[in-house]
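What follows is a set of notes on a single structure, which appears directly below.
The values are calculated or read from the model by the stated rules, or taken from the named source; none is laboratory data. These figures come from a predicted structure and were not determined experimentally. As a convention, Cβ positions derive from the backbone with ideal geometry for all residues, glycine included, and neighbour counts pool all protein chains shown. Keep in mind that these areas ignore ligands, DNA and RNA; they rest on the heavy atoms of the full protein, side chains included. Shrake-Rupley method; radii C 1.70, N 1.55, O 1.52, S 1.80 Å.
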Amino acid sequence: MPTDPGARRAEGAAVPALALRGVSKRYGATTALEGIDLEIAEGEIMGLLGHNGAGKTTLMSLVAGLLRPDTGKIEIHGVPTDRDPRRARRDLGLAPQELGVYPPLTVRQNLRFCAELAGLRGQRARVRAEEVAEPFGLTALLDRRVSGLSGGEQRRVHTAMALLHRPKLVLLDEPTAGVDVETRARLIAYVKELADDGTAVCYSTHYLPEVEALEASVAVLDHGRLIARGTLPELVRSHADSAVELTFHGGVPPLHLPWPVTHDEDGVLRVHVEQPQLATADVLAALGESARLLVNMRVVQPSLESAFLRLTGSGAPDRRPPASPAPSPVPSPAPSAPRTAAPAPGAPANTAPARGARAIGGPDEPPGEDDHGPLARDLEAEQHG
Ligand SMILES: Nc1ncnc2c1ncn2[C@@H]1O[C@H](COP(=O)(O)OP(=O)(O)OP(=O)(O)O)[C@@H](O)[C@H]1O
Ligand SMILES: [Mg+2]
């Protein structure tokens, strides 16, 4: 990569910070990634979304050189990683999903050690360690041993360690797993600053509001395939659901509504309308006598969450608090139909399940395998001795 800014401009801003072309990766019989074509521009934050096992960590590990793709090419700032791996990854910082801190060392020593590994020496390494500590709220912890820090504090150290050498491509794999609200807000602000300075950031998370706060573009992986890529407004516009949700006393009564409807497994009826805030009066009027059985009515605005759920075809995003036990199933007057299918006027409501339609994980994965990911296992091990 050229170090002279003039040379970089001459090469053209069109060279992406990261490009994957037809990248596939298998682990034995498991296809972790399949034909991924993806680019991240300089200064872009890309939220990498997908359920557990979708392939996010595998993608980052391939980019960082921890794994080799079975097929396809990866280029970092235009440099193919197979041709010149050291040069390609010189300006790359990875904070993996699995914690990689040195517990017997202090925070300062961890940071300095990483700074030195990245080629910074003496005063520069010292100063840089303190600079990076600040946005992560680590300044007061610099001389504490990492073994004595909480899980969230350790993750802050771990993420800061990836940024010491001011990498121009940063891969953050679930950097906010287990951290508190304030740290999350600080991290988000810092990542935005990095992007404003031209750093490209690949940021995986299960917390969709973070992607909105980052004003990131979005890539959605599903069972190893890239199923959506675009800006937030594009994804929401193209894929998000908007609806009026209705809950009735004693279950959903027989209804004849002129809009597509779906039931979720909690017995909530979703009436799919555009501009739901404007449609509530019409929906209420269409309920007729059944309106008296209504116990709750909720407007569902199009959002990234509903776009994600629709794209991945499943109900609950991973790592949500456990749902309350489902009530008895809603009677199914008609066979299941696609949730977007409009019933003929006067026909009974469709009953395609909107939630829990597909289990997390692919059909070829044994149940329970790697349900929690390495991070959860690490934190659990730390917490329980
Ligand atoms: N070392 C491995 N050996 C065998 N299979 C693996 C290995 N690592 C990952 N896998 C499988 O590859 C697929 C992708 O896993 P990956 O860790 O990339 O998913 P992820 O999107 O990061 O998930 P999570 O949200 O749980 O972190 C999964 O099916 C997983 O079980
Ligand atoms: Mg992962």
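Here are the numbers for this structure:
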quantity	calculated
Condition check for Glu193: under 23 Å from the mean Cα position of the chain (by Cα), surrounded by fewer than 19 Cβ atoms within 10 Å (Cβ to Cβ), more than 22 Å from Ile76 (Cβ to Cβ) and modelled with pLDDT of 95 or more	no
Test: Thr199 is open to solvent by 20 Å² or more (accessible area, probe 1.4 Å) and of a type in the set (S, T, N, Q)	no
Elements of type strands (runs of 3 or more DSSP E) contained in region 203-302, each with 2 or more residues being more than 30 Å from Tyr190 (Cβ to Cβ)	243-248, 261-263, 269-272, 294-300
Meets criteria (away from ligand 1 (no atom under 16 Å from the Cβ), farther than 20 Å from Leu187 by Cα and either open to solvent by less than 20 Å² (accessible area, probe 1.4 Å) or touching a His at 6+ places or on another chain (Cβ under 6 Å) (or both)) for Ala41	no
Region 295-326: number of residues that are modelled with pLDDT of 90 or more, surrounded by 15 or more Cβ atoms within 10 Å (Cβ to Cβ) and farther than 21 Å from Thr231 by Cα	2
Residue pairs meeting the criteria (Cβ under 6 Å; at least 6 apart or on separate chains; first over 14 Å from Leu208 (Cα atoms), in region 47-61; second within 9 Å of ligand 2 (Cβ to nearest atom) and open to solvent by less than 10 Å² (accessible area, probe 1.4 Å))	Lys56/Gly50; Lys56/Ser204; Thr57/Asp173; Met60/Asp173
Strands (runs of 3 or more DSSP E) completely within region 61-180 that count 3 or more residues being more than 21 Å from the chain's Cα centre (by Cα)	71-76
Check on Gln97, over 17 Å from Ala17 (Cβ atoms), surrounded by 16 or more Cβ atoms within 10 Å (Cβ to Cβ) and within 16 Å of ligand 1 (Cβ to nearest atom)	yes
Residues that are in a loop (DSSP other than H, G, I, E, B) and within 16 Å of ligand 2 (Cβ to nearest atom), drawn from region 11-60	Gly50, His51, Asn52, Gly53, Ala54, Gly55
Single match in Ala291, Ala279, Ala285 (criterion: open to solvent by less than 50 Å² (accessible area, probe 1.4 Å), more than 16 Å from ligand 2 (Cβ to nearest atom) and either at pLDDT 90 or above or within 30 Å of Ser204 (Cβ to Cβ) (or both))	Ala291
For Arg229: the one exception among (1) under 29 Å from Gly178 (Cα atoms); (2) touching a Phe, Trp or Tyr at 6+ places or on another chain (Cβ under 7 Å)	(2)
Of all residues making up region 171-214, the number that are closer than 24 Å to Gly119 by Cα, more than 16 Å from ligand 2 (Cβ to nearest atom) and not charged (D, E, K, R)	8
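Here's the yes/no breakdown for (1) of a type in the set (S, T, N, Q); (2) more than 16 Å from ligand 2 (Cβ to nearest atom); (3) farther than 22 Å from Glu174 by Cα:
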position	(1), (2), (3)
Gly100	no, no, no
Thr106	yes, yes, yes
Asn110	yes, yes, no
Phe113	no, yes, yes
Arg128	no, yes, yes
Ala140	no, yes, yes
